[in-house]
Amino acid sequence: MLLRSVSEFWWFPHMYSHMQPHLFHNHTSLLEQMILNKDFALEHGIPVDQGYAVAPHHSGVYPVHPQLYESWRKAWDIRVTSTEEYPHLKPARYRKGFIHNDIMDYPGGPKALDNSIMGGELFLTVLLNPISVFMTHLSNYGNDRLGLYTFLHLADFISTWTHLQLDTLPPLQLAQRYFTLFPQQREPLWQNPCDDKRHRDIWSKEKTCDRLPKFLVIGPQKTGTTALSLFLLMHPSISSSFPGPRTYGEVQFFNTNNYLQGIDWYMELFPLPSNVTSDFLFEKSSAYFPSEDAPRRAAALLPKAKILTMLINPSDRAYNWYQHQKAHEDSTASRFSFYDVISAQHGAPADIRSLQNRCLTPGLYHTHLERWLTHYPVNQLVVLDGQQLRRDPAAVMDEVQKFLGVTPHYNYSQTLTFDQQKGFWCQLSEEGKTKCLWSEGQKYPPMEPEARSYLSRYYREHNIDLSKLLHRLGQPLPSWLREELQKIS
């Protein structure tokens, strides 16, 4: 079988003054330096139209430095760059490429060198990758014989002992070929720079991983996660993210295209902690729960985060979502009854099927929890009973505090009072005034019996699977789940 390997040997001096771009936090200053360097290149006949740059000091590309990408685009029209730091894995053959801000990023004693060439790491990198990138931001390949020795002997060993055909391509074409072969790598997977010493050394000293959340409230929607968040914020050591732009107050970083904005964009949505040892930052994005992307992305950036999810009867959750949409004047919810929506068949109009999916799919609790548990260990995830939170929030919040390990212990029993008139738990201020944490707008008319019966059948097997999962996790069954299981027996 003939294998084809495309290798690129290319050196493009990005900043001739050899300044590190990750030290620039002012886009204007960085751009000015780049323009000076471009003028220098033009004056000395150095090509400036390649659309390619090696990341100086292997930095600024990963972890991503947004100011560098902006300046690259404006000053040099850079469309391709290379870094050996994404992800920071060894051996090098496991490194991958990604695209950020429309700029493509892709990988790359005599006895030790010879061993690497003759069947060792350099040889395996070429053998196991259809595209290999060898780069340097220094001039050693141009000024001494090491590079010439390495690549001549590597090419000779490959041509002698394999049937590989070695070709070279210009950088832009090489990047295009790479992402044609590996389209699944176009989207990055942001990892925590503070978990890797090399990344930590490259990262700007003005950035801190303490601005990343210690726990996530992942939903699902319409189960009471907003009330849970308000209870959490009563604790003096807990702070939440700022409202996300255009996402109804939630950040929704891991489940939307906000993710492509990068780590810096995410961290800017959190306050700087006043005490990194005791302050607990969190975000609540209730659409994370059923997302296929969110668990993998969250675990890459926040591998040590605690995960809080709150479940109510999936039939009630589906009904709450339908009524929520109806209250927001969704045309489909306004025109069709709840039963018509949830029982619609495959041939139903697209708008009905879309609303049906939003009503029913998040309630497949077992499926979504298993996905999260693929990426997070059992001891980092807790399932809360949404109905118990309504009945006895102080008990639930004691459970949450213990799970999070947050201090000091906050006595919710002394700061919560039940408003008999409104039927909700409310926060009691020092002045004796109350602030209710559920709104009266969430009181919906009773669900139609035929819809309740339909949903009970629809979720039956899923609820059984959920009970088995919770038993396996050693977590108690919510009261609503016990009631549903009793119906089956």
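Every number in this text was worked out from the coordinates using simple rules, so none of it is lab data. Remember, predicted model here, so these are calculated numbers, not experimental data. Methodologically, a virtual Cβ is constructed for each residue, glycine included, from the backbone with ideal geometry; neighbour enumeration extends over all protein chains shown.
For this structure, a couple of remarks:
- Inter-centroid distance (Cα atoms) of the range 402-418 relative to the range 200-276, Å: 21
- Length available on full extension from residue 163 to residue 407: 0.36 nm per residue minus the Cα-Cα distance, which gives 81.5 nm.
- For the chain, the cysteines with no partner cysteine C-beta closer than 4.7 Å are 359.
- One quarter of the surface of the convex hull around the alpha-carbon atoms of the chain equals 30.4 nm², the direction-averaged projected area.
- Overall form of the range 310-379 per C-alpha gyration tensor (a/c, 1.5; a/b vs b/c): prolate
- Compactness of the range 382-460 - radius of gyration and Dmax, Cα, Å: 16.5, 49
- For the range 413-428, the Karplus equation 6.51 cos²θ - 1.76 cosθ + 1.60, evaluated at θ = phi - 60°, returns couplings of 4, 8, 10, 10, 9, 8, 8, 4, 5, 8, x, 10, 7, 10, 7, 9 Hz by residue, with Gly and Pro reported as x.
- Directionally averaged projected area (the range 163-232, Cα convex hull): 10.0 nm².
- Listed by chain and number, the lysines whose alpha-carbon sits under 19 Å from that of residue 214, ignoring those within fewer than 8 places in the same chain, are 284, 304, 306, 402.
- Amide H to amide H, with H built 1.01 Å from N, residue 132 comes under 5 Å of 6, 7, 8, counting only residues 5 or more places away or on other chains.
- Bridgeable lysines around residue 74 (alpha carbons under 18 Å apart, same-chain partners fewer than 8 residues away excluded): 38.
- Distance between the pseudo-spin-label points of residue 149 and residue 198 (7 Å out from Cα toward the beta carbon): 2.3 nm.
- Local electrostatic count, residue 219, Cβ distance below 12 Å [Lys/Arg +1, Asp/Glu -1]: +1
- Proximal lysines to residue 326, defined as alpha-carbon separation beneath 21 angstrom and excluding residues fewer than eight positions away on the same chain: 222, 443
- The DSSP beta bridges internal to the chain are antiparallel in roughly 30% of cases.
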